[in-house]
Amino acid sequence: MQNLSAQKLSVGYNKKILIGGIDLEVRAGEVVTLIGRNGAGKSTILKSITRHLEPLGGAVYLDGKDSRLLSHKDFATQFSVVLTERLKTDRMTCREIVEAGRYPYTNFFGKLKEEDKRIVDESLRMVGGEGLAEKQFSSVSDGQKQRILLARAICQQPQVMVLDEPTSFLDIRYKIELLGILRRLASERKMSVILSLHEIDLAAKISDKIVCVDGDKIYKTGTPEEIFRGDEIRKLYGLRSGSYNLLFGSVEMEKPAGESRVFVLAGGGTGIPIYRALQRKGIAFSTGILSENDVDFQVAADLAETIVSVPAFSAVKDEDIERAQKQIRRAGKLLQACNIFGECNQKCEELLRFAKENSIPLISDVSEI
């Protein structure tokens, strides 16, 4: 088992340093993910680690040995790389692309042994690429190409795998499958995996460590629990509108402007699709009565003009009902999302009666607003 590390690494182009003083470590069995805005330097760091770019300072070490001292063959058996550049394949089949991952282990003539062929087949199976094997690489979709390139990287049986935006062009099914494969490779084969991702929600779920790249510096490095809290993501990406929900790992758009035009009676997740539909239409809304540990509360905190809430695990009281009635009267409409009234929110049924008794329109769909 070997560890990858960068010490005082400076990276850039044409002898101009873009990011300097980079210190990072990827232990055997770890997944480390680089996140940050487009153009922040994530790809430049990865290409400097993989020797596609010459470091402008410092060095990259594999188990304490400067990686520049490795021969091309030794480097290819230790590192596998999946970058975003297009390959010139000259009518190669997908199987032949994957087989190229075994060349560092073959003789002068590049002849594959039975064991090499077994590893090729296994690598194709891991990415669900068996049905693509005999197809021309140039003829398959971008997402399928990405899976084949991952199979080639797996086929090398490296100690370190480096991937630049490997989920690009993949639909959600294959994003999840690909990242699951990387997680298994790290755990089962004790491989060091370092990659860049745009999908920060996925980065939070797959990574042991997150490296925040921000232009000319590494903004912060830490576990997902350390990075995805407070205003760290807002600062890293320079968010001026909208928000990033730390608990859900999702982005919410900017809340609608103006005063509430409808009160949404919600709870237990019934309000979230309504809140987002109202946001899309630019309709400001108030909502309640929500427990502060309710999933609806988490999204309402980003999108609602006003929330009527109660502490977690607390029952709704008369004074809470009065606060909600005030908001209903102010909004002028009541949209009922929640149809279940249990022990904690039983009193919320009173809000329906309040609306009827005060001739406040009771609606069930956003289109009625």
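The values are calculated or read from the model by the stated rules, or taken from the named source; none is laboratory data. Not measured: the values here are computed from a predicted model. Heads up, the Cβs are rebuilt from the backbone with ideal geometry, glycines too, and the neighbour counts pull from every protein chain shown. To get the accessible areas, we keep the full protein, side chains included, count just its heavy atoms, and leave off ligands, DNA and RNA. Shrake-Rupley method; radii C 1.70, N 1.55, O 1.52, S 1.80 Å.
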Test: Leu185 is at pLDDT 90 or above and more than 15 Å from the chain's Cα centre (by Cα): yes
Among the residues of the stretch 136-164, which ones are open to solvent by less than 40 Å² (accessible area, probe 1.4 Å) and either in contact with a Gly (Cβ under 8 Å, 6 or more places away or on another chain) or assigned to a strand (DSSP E or B) (or both)? Arg147, Ile148, Ala151, Ala153, Ile154, Cys155, Gln156, Val160, Met161, Val162, Leu163, Asp164
Given (1) small (Gly, Ala, Ser); (2) in a loop (DSSP other than H, G, I, E, B); (3) surrounded by fewer than 16 Cβ atoms within 10 Å (Cβ to Cβ); (4) under 27 Å from the mean Cα position of the chain (by Cα), Gly110 misses just (4)
Looking at Tyr174 and the list (1) over 21 Å from the mean Cα position of the chain (by Cα); (2) buried (at least 16 other Cβ atoms within 10 Å of the Cβ), which single condition is not satisfied? (1)
If you go through the stretch 193-210 one residue at a time, do you hit one that is within 21 Å of the chain's Cα centre (by Cα), of a type in the set (S, T, N, Q) and over 30 Å from Arg234 (Cβ atoms)? no
From the options Leu87, Leu83, residue that is over 19 Å from Cys212 (Cα atoms), in contact with a strand residue (DSSP E or B) (Cβ under 6 Å, 6 or more places away or on another chain), at pLDDT below 90 and of a type outside the set (Val, Ile, Thr): Leu83
Checking Phe297 against (1) touching a helix residue (DSSP H, G or I) at 6+ places or on another chain (Cβ under 9 Å); (2) surrounded by 18 or more Cβ atoms within 10 Å (Cβ to Cβ); (3) under 18 Å from Ser243 (Cα atoms), which test does it fail? (1)
What is the residue count in the stretch 190-214 for residues that are assigned to a strand (DSSP E or B) and touching a strand residue (DSSP E or B) at 6+ places or on another chain (Cβ under 8 Å)? 10
